Amino acid sequence: MSFCQQNGTDSPGASQSEPEKKRIFGIIPNYRTSPTLRGYKPLTPKGKFKIAAEDSFDRGTAVLAAAFAGQAQLTNSNPSFGQGIKGYTRNLGTAYGDFVIGNFMTEALYPTILHQDPRYFRRGTGSGWSRLGYAVGQVVWTHKDSGGTQFNFSEIAGNSTAVAISNAYYQDNRTASNAVSKLGIQIGVDAAANVLKEFWPDFQRRFSRKQHSRQP
């Protein structure tokens, strides 16, 4: 993973001072990423709910929900929803509901109650493997409002609550094993999102250099 290591123009200072783009690949919402822990200031409850709202009501979230709905329709994972336009509409509504509920549980409600910070703080320096481990690790270990770190109760409890709520509208998948599977998938998705947030600026700089090198 040498492509992720800092060198030349990619100095730690330069990396940490760059503003974070609001979407990854122009689609995936990136509102809760912070480029550095320097000068750390905790979020107010209002700030946490603002991040959850931005992630939930971004156009990229609607695009992702549409993609998940299409996958559910193709695999007929919710037979009671039926097929056709009606079935897809129900899959779309529930997929979008999953995103919204999950965001507000993990980024707003539980972080406010437990005084945890829902943001992802980029490391931006070190080897690719160390940064990969750091990104995945933030799913289970997070920052406290008062400083320091602790187990990410907001991530685990928040997603567990979201899965429990989803049982109200997923009639076909209400078993305990299904709930555990959904929770595992969601935590895995969040870990993958952290990796994208950590390395996205590196890919952008690499792509930008290639574009400049091709110009006459």
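The values are calculated or read from the model by the stated rules, or taken from the named source; none is laboratory data. Keep in mind that this is a model prediction, so the values were computed, not measured. Reconstructed Cβ throughout: ideal geometry from the backbone, glycine too, with neighbour counts over all protein chains shown. These accessible areas exclude ligands, DNA and RNA; they are computed on the full protein's heavy atoms, side chains included. Shrake-Rupley method; radii C 1.70, N 1.55, O 1.52, S 1.80 Å.
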Scan (1) free of Cβ contacts under 8 Å to residues at least 60 places away in the same chain; (2) more than 16 Å from the chain's Cα centre (by Cα) for the single condition PHE68 breaks and write down its number. (2)
Looking only at segment 45-73, count every residue that is under 15 Å from PHE25 (Cβ atoms) and of a type in the set (Lys, Arg) and tell me the total. 1
Before we move on, is SER146 open to solvent by 40 Å² or more (accessible area, probe 1.4 Å), over 29 Å from TRP200 (Cα atoms) and either acidic (Asp, Glu) or outside any helix (DSSP H, G or I) (or both)? no
Restrict the check to segment 121-129 and report whether at least one residue is surrounded by fewer than 16 Cβ atoms within 10 Å (Cβ to Cβ), in a helix (DSSP H, G or I), out of contact with any Asp or Glu (no Cβ under 7 Å at 6 or more places or on another chain) and not small (Gly, Ala, Ser). yes
